[in-house]
Amino acid sequence: MDDALAPVPAPAPPDRPGRIPAPWQAPPAAGTGEHPPAAALMHTSRLEDVLAAMDAAPEREWRAIELATLLRLDRSDLTGELIRWARRQILIKAGPATFKIPDGPPRPSKVAVRREDVLAVMATDPHRPWHAREITAALNTVKQSTLALHLSTWARKNLLVKTAPATYRLPQQPVTDAPAKPLAATTRRPAGLLDKPA
């Protein structure tokens, strides 16, 4: 191919103070005080990425546009997620499009339900029927209305057995120690053939 026809790469845009370098730009020289954000790991969730970014300065309030720029995310999508996480008390809404990490240990979400946690509670007494209210009290991390929806869904999938309104039990385990009946013992006569009296 002729060198004169080869495409010329576009020049990199000039760097501005506080601007995150584009992927095609070299990282800033040592001693300049600017550090590009670490690339997000592929197996982390967006919430984990946001919390990791905010944990760099947990005492400060973060604007949604700062986090979106730092993590290279769409600002409007991220703002909506930040608002949802604030409603779930994972973050604190400190002002318009401004959020911060709550003080103290993370609070469990009242809308997150893990089936493993529910089954662990029900396994403490596997033969009794459990009301959603009782499981909610035992978990203390979920709303009763939210749990009731999950229990109903799991019952429709045959993961639980519904015994009464909002009451469920674990499915009975199949009996494995009973010997199987031989096929000859279960053979039946065809319909319509009756024994004649002697």
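Figures for the structure shown
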{"read-out": "Selection within the range 128-150 - modelled with pLDDT of 90 or more and either over 23 Å from Gln89 (Cα atoms) or not β-branched (Val, Ile, Thr) (or both)", "value": "Arg128, Pro129, Trp130, His131, Ala132, Arg133, Glu134"}
{"read-out": "Condition met for Arg72 (more than 25 Å from Val142 (Cα to Cα), surrounded by 11 or more Cβ atoms within 10 Å (Cβ to Cβ) and modelled with pLDDT of 85 or more)", "value": "yes"}
{"read-out": "Tally of residues being in contact with a Lys or Arg (Cβ under 6 Å, 6 or more places away or on another chain), open to solvent by 40 Å² or more (accessible area, probe 1.4 Å) and either under 14 Å from Arg115 (Cβ atoms) or in a loop (DSSP other than H, G, I, E, B) (or both) across the range 132-168", "value": "1"}
{"read-out": "For Pro106: the one exception among (1) assigned to a helix (DSSP H, G or I); (2) modelled with pLDDT under 90; (3) loosely packed, with under 13 Cβ neighbours inside 10 Å; (4) within 21 Å of the chain's Cα centre (by Cα)", "value": "(1)"}
{"read-out": "Condition check for Ala86: touching a Phe, Trp or Tyr at 6+ places or on another chain (Cβ under 8 Å) and either open to solvent by less than 30 Å² (accessible area, probe 1.4 Å) or of a type in the set (Ser, Thr, Tyr) (or both)", "value": "yes"}
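The values are calculated or read from the model by the stated rules, or taken from the named source; none is laboratory data. Values in this document were obtained by computation on a predicted structure and should not be read as measured data. Please note: Cβ atoms are built from the backbone with ideal geometry, for glycine as well, and neighbour counts cover all protein chains shown. Ligands, DNA and RNA are excluded from the accessible area calculation, which covers all protein heavy atoms including side chains. Shrake-Rupley method; radii C 1.70, N 1.55, O 1.52, S 1.80 Å.
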